[in-house]
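Heads up: the structure comes next, in structure tokens.
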Amino acid sequence: MNLLEAPLAIVDLETTGTRPASDRITEIGVLEVDRFRVAAEWSTLVNPGIAVPSEIQALTGITYSMLAEAPSFADLADELHERLAGRVFIAHNARFDYGFLRREFDRAGIRFQPRTVCSVKLSKRLYPGQRGHDLDSVIARHGIRCAQRHRALADADALWQFLRIAADEHGEEVLSVAARQIAKAPALPAALERAQIDAIPEAPGVYLLYGESGPPLYIGKSRSLRTRVLQHFYSSAGWLQEVRRIEWRRTVGELGALLTEARLVKDLGPTYNRALRRPQATCGFVFDGKRLRLASAGEIDADTLPFVYGIYRSRRAALVALRALADDHGLCLQTLGFDAKRRGACFRHQIGRCAGVCASRESIHSHHGRLAAALATLKTPEWPYAGPVGIVEEDRGRDATEVHAVDRWCYLGAARCEPDMADLLDALGKSNPRFDYDHYRILARYLGKPGARVVPLAQCTASS
């Protein structure tokens, strides 16, 4: 790739936000460059069909009233595709601009797979001693004139000025070599057809990478499935060349993708997933006022969870946490049965970390009272609802809804229709919900965010 000879499309977008799946383009600016001279420039406002947040309007100066009469992306998709066809796609943070355009072209039924060059990466490679490589930093560093920052054509022109400056300062060969290095194509295994990746939607979900036979090599999740799968093949990890087949499962939203990934990793045991694979190792502390012990995964369910102190992936992690708790509160691990038994005072007392219940320096009642207070800080948050609930995820673009049924931090499953929900409720009535550490963490984080839509499970069935 010789940037001074190749046809280029220098592109900048303005959007309603940062997520291609839910946000939309509001303005497009394109400079068409041939033999390192601007051959044409083109820009247009785009009606996004959704509201423009006030902070975005303030940043760009583009108001919804300005967009009301603008064409939709579908109206201009063919013309834009013709302008970009055959050109090297250059943008500052190209993943952002390419991601939005790829998603919009997908909606219009047009395949868009240009060779891309990210000028952020180009700036980092050519000017490694500089700290900032965002467009504002590049503009300030090189004294670039930008007529109207955060407007598409003006920002594209600023990027064009940067390319010319870089060519002058480093020369044609250095610039072209740097561009080739950062524009490398994904290294797909010979036996994997590109069509398998092209068939993956840019949507939330889970993907499974399979080898010649046996369990999956890897299971992952993403808000944008196709982009995430492609990213793997830019990696130098040798096992990726073993991939022969890709399966994917689309979900309505990100929560569904997270929960499905956690379940599939445990069920299928993929070769190269490091986390999420050992549910049987989950454990937590139980204290009855006299004896402290570790409860195993099989003992922890929706009924017993309120009596468990701390939930850990492994016994080792639990013991590390207990040792830290003992250090902070002067507890005796020997007395609690978690340290080697010896006559008289324990070693930790001799070095000042145990208050001395083992040496008759305090009563067992005083020690255990301090233990109970310390354990209270590890207690799992109480279930904040009166009973089982449904967490509702919606994809308005597909008119799809998914309800995730949860009872006392235990994930019951997902339903997209009334029979699915009836099956979940039937299963709930027959057995106690199974606790899963990873599902618990995912649900606790999600429910802690503002905007989560939660309804009583009975209401879900009534409205299904």
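If you take the residues of the stretch 341-352 that are of a type outside the set (Val, Ile, Thr), open to solvent by 60 Å² or more (accessible area, probe 1.4 Å) and part of a loop (DSSP other than H, G, I, E, B), which of them is farthest from PRO381 (Cα to Cα)? Among them, the one singled out is ARG343. Looking across the stretch 155-175, the residues that are out of contact with any Lys or Arg (no Cβ under 8 Å at 6 or more places or on another chain) and open to solvent by 20 Å² or more (accessible area, probe 1.4 Å) come down to ASP157, ARG164, ILE165, ASP168, GLU169, HIS170, GLY171, GLU172, GLU173, VAL174. Is it the case that VAL357 is in contact (Cβ under 8 Å) with a residue 12 or more places away in the chain, over 19 Å from VAL455 (Cα atoms) and touching a helix residue (DSSP H, G or I) at 6+ places or on another chain (Cβ under 7 Å)? Against the criterion (in contact (Cβ under 8 Å) with a residue 12 or more places away in the chain, over 19 Å from VAL455 (Cα atoms) and touching a helix residue (DSSP H, G or I) at 6+ places or on another chain (Cβ under 7 Å)), VAL357 qualifies.
If the condition is being more than 19 Å from LYS379 (Cα to Cα) and either open to solvent by less than 40 Å² (accessible area, probe 1.4 Å) or modelled with pLDDT under 90 (or both), then the stretch 440-453 contributes LYS449, PRO450, GLY451, ALA452. Note on the stretch 315-340: residues that are open to solvent by less than 50 Å² (accessible area, probe 1.4 Å), of a type outside the set (Phe, Trp, Tyr) and closer than 18 Å to VAL357 by Cβ amount to 9. Against the condition open to solvent by less than 60 Å² (accessible area, probe 1.4 Å) and farther than 21 Å from ALA262 by Cβ, how does HIS367 come out, does it pass? Criteria met by HIS367.
Just name the residue that is surrounded by the most Cβ atoms within 10 Å (Cβ to Cβ) out of those in the stretch 188-221 that are aromatic (Phe, Trp, Tyr) and within 20 Å of LEU259 (Cβ to Cβ). Among them, the one singled out is TYR207.
Is there a residue in the stretch 83-101 that is open to solvent by 70 Å² or more (accessible area, probe 1.4 Å), within 21 Å of LEU3 (Cβ to Cβ) and either assigned to a helix (DSSP H, G or I) or in contact with a helix residue (DSSP H, G or I) (Cβ under 6 Å, 6 or more places away or on another chain) (or both)? Yes, the stretch 83-101 contains a residue that is open to solvent by 70 Å² or more (accessible area, probe 1.4 Å), within 21 Å of LEU3 (Cβ to Cβ) and either assigned to a helix (DSSP H, G or I) or in contact with a helix residue (DSSP H, G or I) (Cβ under 6 Å, 6 or more places away or on another chain) (or both).
Does ARG228 satisfy the condition of being open to solvent by 20 Å² or more (accessible area, probe 1.4 Å) and in a loop (DSSP other than H, G, I, E, B)?
Numbers: open to solvent by 20 Å² or more (accessible area, probe 1.4 Å): yes; in a loop (DSSP other than H, G, I, E, B): no.
When the stated conditions are applied, ARG228 does not pass them.
State whether one or more residues within the stretch 379-393 are touching a Lys or Arg at 6+ places or on another chain (Cβ under 9 Å), at pLDDT 90 or above, open to solvent by 40 Å² or more (accessible area, probe 1.4 Å) and among the acidic types (Asp, Glu). Looking for residues that are touching a Lys or Arg at 6+ places or on another chain (Cβ under 9 Å), at pLDDT 90 or above, open to solvent by 40 Å² or more (accessible area, probe 1.4 Å) and among the acidic types (Asp, Glu), one finds none in the stretch 379-393, hence no. Just one of the listed residues (LEU122, LEU80) is under 19 Å from VAL38 (Cβ atoms), of a type outside the set (S, T, N, Q) and touching a strand residue (DSSP E or B) at 6+ places or on another chain (Cβ under 8 Å), and it is LEU80.
Residue selection: VAL38 fails the criterion of being within 32 Å of the chain's Cα centre (by Cα) and of a type in the set (A, V, I, L, M, F, W, C).
Which of the following residues is of a type outside the set (Ser, Thr, Tyr), under 26 Å from ALA317 (Cβ atoms) and without any contact (Cβ under 8 Å) to a residue 40 or more places away in the chain: LYS449, LYS379, LYS430? Write out each step before concluding.
Working: LYS379 fails: without any contact (Cβ under 8 Å) to a residue 40 or more places away in the chain; LYS430 fails: under 26 Å from ALA317 (Cβ atoms).
Only one candidate qualifies: LYS449.
All conditions in (1) more than 14 Å from GLU82 (Cα to Cα); (2) touching a residue at least 60 places away in the same chain (Cβ under 8 Å); (3) open to solvent by 40 Å² or more (accessible area, probe 1.4 Å); (4) in contact with an Asp or Glu (Cβ under 8 Å, 6 or more places away or on another chain) hold for LEU59, with the sole exception of (4).
The values are calculated or read from the model by the stated rules, or taken from the named source; none is laboratory data. Just so you know, these numbers come straight off a predicted model, no measurement behind them. Positions of Cβ are generated from backbone atoms using ideal geometry, with glycine treated the same way; all protein chains shown enter the neighbour counts. Only protein heavy atoms, including side chains, enter the accessible area calculation; ligands, DNA and RNA are left aside. Shrake-Rupley method; radii C 1.70, N 1.55, O 1.52, S 1.80 Å.
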